[in-house]
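Pasting in a structure now, in structure tokens, and then I'll have a few things to ask.
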Amino acid sequence: MKILEDKILAEGRILPGPVLKVSSFLNHQMDADLIMELGKELADRFRADGVTKILTIESSGIAIAVAVGAALHVPVLFAKKHRTSNVSGVLYQTLVHSYTHGTDYTVVVEREYLKADDRVLIIDDFLANGKAVEGLLDLSAQAGAAVVGAGIVIEKGFQDGGAQLRASGLRVESLAIVDSMDENGIVFRES
Ligand code: 5GP
């Protein structure tokens, strides 16, 4: 999506990891107009799929998830980070490895908000190794809910999360796919 690629080129910073820092418009300060536009584009791509629920993970996925939920007029559920993995039967829980922090953490959703008759659209800001999306797939599977696909703002195509998820049969839609980023600049995949 051209406006997103232009914004990344203008304001994105490459950090060790490699991590693409987009804190000026997505991950810290947020460009609300742009995020609403990105959300509308993701919503349009999944509009025919009978989505009943948006599922994301706190905290950086929430803004884009709300934008998609507003465009599709469906509730937005975010998996919460939980201090302990020893939780009661009212929750679904799963373990996620954090790309940016290098640690594992438990996320939970309350069972009453994710049901077997839900058609879930997973939304996140970034896709790298796919662990966050895998965690959200696991929560959906525990609930018996169908997942129609995953909508991502920025996919790092040089990491294998996207390829693995697509190979497993999941539909993954990314608004920008970064094929390389280094001292020579950022290269996007042709869409
Ligand atoms: P994955 O679970 O696919 O390995 O990583 C995705 C998660 O890690 C996203 O929820 C996002 O918060 C974070 N993340 C991964 N790579 C980047 C990156 O390059 N920049 C930023 N800002 N976050 C990232």
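From largest accessible area down, sort L72, L9; use a 1.4 Å probe on the protein chains.
Output order, biggest surface exposure first: L9, L72.
Now, a different point. What's the angle, to the nearest 10 degrees (0 to 90), between helix 62-72's Cα axis and the longest principal axis of the chain?
80
Let me ask you something else. Could you please report the charge total around A128, scoring K, R as +1 and D, E as -1 over all other residues with beta-carbon less than 14 angstrom from its beta-carbon?
-3
Just to confirm, what accessible area per residue do you get for the stretch 1-159 at 1.4 Å probe, in whole Å²?
I get 47 Å² per residue for the stretch 1-159.
Something else about it: Accessible area of the chain with a 1.4 Å probe: how many percent of it is carbon plus sulfur?
On the chain, the fraction of accessible area on carbon and sulfur atoms equals 51 percent.
Moving on to the next point. Name the most mobile residue of F78, F126, F25, meaning the one with the largest mean-square fluctuation, in a Gaussian network model of the chain with Cα contacts below 10 Å.
It is F25.
Any chance you could give the angle, 0 to 90 degrees and rounded to 10, that helix 131-143 forms with the longest Cα principal axis of the chain?
Helix 131-143 sits at roughly 20 degrees to that axis.
So how far apart, in nm, are the two label points at S24 and F158 if each is 7 Å from Cα heading toward Cβ?
2.1
How much net charge surrounds R166 when only the other residues with a Cβ under 14 Å from the Cβ of R166 are counted, with Lys and Arg +1 and Asp and Glu -1?
Working: positive: R171, R189; negative: E134, E155, D160, E173.
Net charge in that neighbourhood comes out at -2.
Taking Cα atoms, how many degrees apart are the long axis of helix 2-11 and the longest axis of the chain, rounded to 10 and kept between 0 and 90?
With both axes taken from Cα atoms, the answer is about 70 degrees.
Could you work out how far apart the two model spin labels at E173 and Q142 are, taking each label as a point 7 Å from the Cα in the direction of the beta carbon, and quote it in nm?
2.8
Quick one: work out the % antiparallel among DSSP beta bridges in the chain, nearest 5.
Of the beta bridges lying entirely in the chain, close to 45 percent run antiparallel.
Taking a 1.4 Å probe, which of S191, S140 shows the most accessible area, and what order do the others take after it?
Final ranking, largest accessible area leading: S191, S140.
So which residue, out of H97, H73, H28, gets the largest mean-square fluctuation from a GNM of the chain using Cα contacts under 10 Å as springs?
H28
Please give the length that would be gained between D49 and M36 if that part of the chain were fully extended, namely 0.36 nm times their separation in residues minus their C-alpha to C-alpha distance (nm, one decimal).
Full-extension gain reported as 2.7 nm.
Just subtract the alpha-carbon distance of L95 and D117 from 0.36 nm times their residue separation and send over the number in nm, one decimal.
5.5 nm
Quickly estimate the mean residue ellipticity at 222 nm for the chain, helices only: each DSSP H run with n ≥ 4 gives -39500 (n - 2.57), and the total goes over all residues, rounded to 500.
That calculation yields -8500 deg cm²/dmol at 222 nm.
Tell me which of L15, V68, I154 sits at the most positive position along the dipole axis of the stretch 2-188, charges placed on C-beta atoms (Lys, Arg +1; Asp, Glu -1).
Towards the positive end, the residue furthest out is V68.
Which length gain, in nm to one decimal place, applies between N184 and D6 when the Cα-Cα distance is subtracted from 0.36 nm times their residue separation? Each step should come with its number before you reach the end.
Values: separation 178, 0.36 × 178 = 64.08 nm, distance 1.63 nm.
Gain in length upon complete extension: 62.4 nm.
Between the stretch 9-33 and the stretch 116-191, what is the C-alpha centre distance in whole Å?
Each part reduced to its Cα centre gives a spacing of 18 Å.
The values are calculated or read from the model by the stated rules, or taken from the named source; none is laboratory data. All values derive from a computational prediction rather than experimental measurement. Quick reminder, even Gly has a Cβ in these numbers, built from the backbone with ideal geometry, and neighbours come from all protein chains shown. We work out accessible area using only protein heavy atoms, side chains counted, and drop any ligands, DNA or RNA first. Shrake-Rupley method; radii C 1.70, N 1.55, O 1.52, S 1.80 Å.
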